[in-house]
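Peer 1: Structure in structure tokens, see below.
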Amino acid sequence: MLNKLTAVPTDTLSKIRYLRVRGDMLTLTWPDHEYIVPLASAFKLLPGLKLNTLTVLRGHVDLTSYDSLSVLIADGDGWKELRYISHSSSLLGYGAPDDPIIPFDLNDPSIPQDPSIPRDPYDPIASWDPNWWPPNYLRKPQPEFWRGVLTSRDGVSSNPSVAIYRSPKNGPVGRVIREDSRLLFEQSDTTGFGLEEDASLCAGPERFKELLIVARRGHGVDYQVKKDSPFIWRDIRRACPGMTWREIKSKHIDMRSKSGGGSDSDSDSEDPFADAFTDVDRWHDVDEYVWTPLHFGLSDLL
């Protein structure tokens, strides 16, 4: 997406009204660490973008896909309507990780500091917050929580909205897009919500019922991407200050192949199975899409 759209003049970019992308997070690489960039952050490199509809096909991993969608709703710009499609209901039903990454304090003198690494106050790992894990990092009842986030952002009077639809059956692909073959879906808050896997969304064939999350910005809200907008969580502009996308890609993505590590292919992923299942999106209609084998996990392919 960035390869193509960053090469488009701003006046042309601002006229694009519909866009569909895959929602995997972007990984930037330094010699000693990686920086994960959500889709909302990547859009900050596209000032002028003002889509009527952004369609996102979710990534491979439940937790990171959930985070990426949450950031799009809380801080994402460039779209009036967001359609986020998940191949699996587990997006809203996965259990809390057994071994979470515990945040540490970058101001702690006992921890080695690298002055070349920009500190991001919007990154939960950048500073210790005793409330970050577990309650603030768990799944929330949806779409009520996302609806509240968008209402706080755009204002009650502008009438923003978030709705979730679920396919009543397992397959075929694309059923959840059609109004006559989907059901509204709501979660209720319960004690310990988000701690355990929700069997009604993750067990057996229930897991493979598609979800569609539709978020609409409020009436009269300026949703165009601005060049010098405030930084957001995991902002690529903070991690790579003053750099163009071409420079970022050359220094922090293409460096993997130049260093001789990993695969001999041109893939940016370090996943040993990534090259075996190349992402392909074949379609003849704007609402046609396919899921890659990696979306279903290796255990589901055997």
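Peer 1: Does segment 54-67 include one or more residues that are under 14 Å from the mean Cα position of the chain (by Cα) and of a type in the set (Lys, Arg)?
Peer 2: First, pick out the residues of segment 54-67 that are under 14 Å from the mean Cα position of the chain (by Cα): 54-67.
With of a type in the set (Lys, Arg) added as a condition, the list becomes 58.
Yes: one or more hits.
Peer 1: Looking at (1) at pLDDT 95 or above; (2) crowded, with 20+ Cβ neighbours inside 10 Å, find the lone condition where ALA74 falls short.
Peer 2: With respect to (1) at pLDDT 95 or above; (2) crowded, with 20+ Cβ neighbours inside 10 Å, ALA74 is out only on (2).
Peer 1: Follow-up question, since we're still on this one. ARG17: at pLDDT 95 or above and under 25 Å from ARG58 (Cβ atoms), yes or no? So that I can check it myself, show each step before the final result.
Peer 2: Numbers: at pLDDT 95 or above: yes; under 25 Å from ARG58 (Cβ atoms): yes.
Here the answer is yes, as ARG17 does meet what is asked.
Peer 1: Also, I was wondering about something else. State whether one or more residues within segment 118-127 are β-branched (Val, Ile, Thr), out of contact with any His (no Cβ under 6 Å at 6 or more places or on another chain), under 25 Å from PRO230 (Cβ atoms) and at pLDDT 55 or above. Full working, then the answer.
Peer 2: Taking segment 118-127 as the starting set, the residues that turn out to be β-branched (Val, Ile, Thr) are 125.
Filter once more, so that each one left must be out of contact with any His (no Cβ under 6 Å at 6 or more places or on another chain): 125.
Restricting the remaining residues to those that are under 25 Å from PRO230 (Cβ atoms) gives 125.
Of the ones still in play, those that are also at pLDDT 55 or above are none.
So far as segment 118-127 goes, no, none of its residues is β-branched (Val, Ile, Thr), out of contact with any His (no Cβ under 6 Å at 6 or more places or on another chain), under 25 Å from PRO230 (Cβ atoms) and at pLDDT 55 or above.
Peer 1: Follow-up. If you take the residues in segment 1-32 that are of a type in the set (Asp, Glu) and within 20 Å of ASP235 (Cα to Cα), which one is nearest to the chain's Cα centre (by Cα)?
Peer 2: Just the residues of segment 1-32 that are of a type in the set (Asp, Glu), to begin with: 11, 24, 32.
The next check asks that each one be within 20 Å of ASP235 (Cα to Cα); those that pass are 24, 32.
On the way: ASP24: 6, ASP32: 24 Å.
Applying the filter and picking the extreme gives ASP24.
Peer 1: List pairs: first in segment 52-70 and hydrophobic (A, V, I, L, M, F, W, C), second part of a helix (DSSP H, G or I), Cβ under 7 Å, 6+ apart or cross-chain?
Peer 2: Short answer, once both residue conditions are applied: VAL56/LEU39.
Peer 1: How many residues are among the small types (Gly, Ala, Ser) and either at pLDDT 95 or above or in contact with a Lys or Arg (Cβ under 6 Å, 6 or more places away or on another chain) (or both) when one looks only at segment 163-187? Please lay out each step first, then the result.
Peer 2: Step one: list which residues in segment 163-187 are among the small types (Gly, Ala, Ser), which gives 163, 167, 171, 174, 181.
Narrowing the set further to residues that are either at pLDDT 95 or above or in contact with a Lys or Arg (Cβ under 6 Å, 6 or more places away or on another chain) (or both) leaves 163, 167, 181.
So the count comes out to 3.
Peer 1: Which residues, counting only those in segment 33-46, are surrounded by 18 or more Cβ atoms within 10 Å (Cβ to Cβ) and either basic (Lys, Arg) or over 12 Å from the mean Cα position of the chain (by Cα) (or both)?
Peer 2: Passing the criteria: TYR35, LYS44, LEU45, LEU46.
Peer 1: Now a separate question. For residues that are touching a strand residue (DSSP E or B) at 6+ places or on another chain (Cβ under 7 Å) and among the aromatic types (Phe, Trp, Tyr), scanning just segment 55-101, find the one that is farthest from MET25 (Cα to Cα).
Peer 2: Looking at the filtered set, the residue picked out is TRP79.
Peer 1: Can you pull out every residue in segment 206-233 that is within 23 Å of GLN142 (Cβ to Cβ), of a type in the set (A, V, I, L, M, F, W, C) and at pLDDT 95 or above?
Peer 2: Matches in segment 206-233: LEU211, LEU212, ILE213, VAL214, ALA215, VAL221.
Peer 1: Within segment 6-49, which strands (runs of 3 or more DSSP E) (wholly inside it) include 2 or more residues that are of a type in the set (Lys, Arg)? Step through it out loud before you land on a result.
Peer 2: Numbers: elements: 18-22, 26-29, 34-37.
The qualifying strands (runs of 3 or more DSSP E) are 18-22.
The values are calculated or read from the model by the stated rules, or taken from the named source; none is laboratory data. Just so you know, these numbers come straight off a predicted model, no measurement behind them. Counting neighbours? That spans all protein chains shown, and the Cβs are built from the backbone with ideal geometry, glycine included.
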